[in-house]
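The values are calculated or read from the model by the stated rules, or taken from the named source; none is laboratory data. Given the structure is predicted, the values throughout are model-derived calculations rather than measurements. All Cβ positions, glycine included, derive from the backbone under ideal geometry; neighbour counts span all protein chains shown. Areas reflect the complete protein model, heavy atoms only, side chains present, ligands, DNA and RNA absent. Shrake-Rupley method; radii C 1.70, N 1.55, O 1.52, S 1.80 Å.
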Amino acid sequence: TLSDQGKYAEAERIHREELALWVKVLGKEHSHTLTSVYCLAHTLHQREQYEEASSVYHRAWIGYRENFGAAHPTT
């Protein structure tokens, strides 16, 4: 919702906080954590922080691939 309103900095802050909580509670490779990683990457992309967004997208892709396999639709 914040991203839709153009409040990208606030959205990024919340995504980072959420991601830290998911990692702490569920671990790095849990599907909810990986979705949070993807959402952070998307927000970074919207903020035109392309290098970091690419790195974070890659992190999500690696996690999806390792946990669900290359043929899974999310991967």
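Please go through the stretch 30-49 and give me each residue that is farther than 20 Å from E66 by Cβ and either open to solvent by less than 50 Å² (accessible area, probe 1.4 Å) or outside any helix (DSSP H, G or I) (or both), ordered by number. Selection gives T43, L44, R47, E48, Q49. Could you grab me the full set of residues in the stretch 8-29 that are closer than 15 Å to A60 by Cβ, open to solvent by 40 Å² or more (accessible area, probe 1.4 Å) and assigned to a helix (DSSP H, G or I)? Of everything in the stretch 8-29, those that are closer than 15 Å to A60 by Cβ, open to solvent by 40 Å² or more (accessible area, probe 1.4 Å) and assigned to a helix (DSSP H, G or I) turn out to be R16, E18, W22, V23, L26.
For A60, the conditions (1) more than 11 Å from the chain's Cα centre (by Cα); (2) in contact (Cβ under 8 Å) with a residue 24 or more places away in the chain are fulfilled apart from (1).
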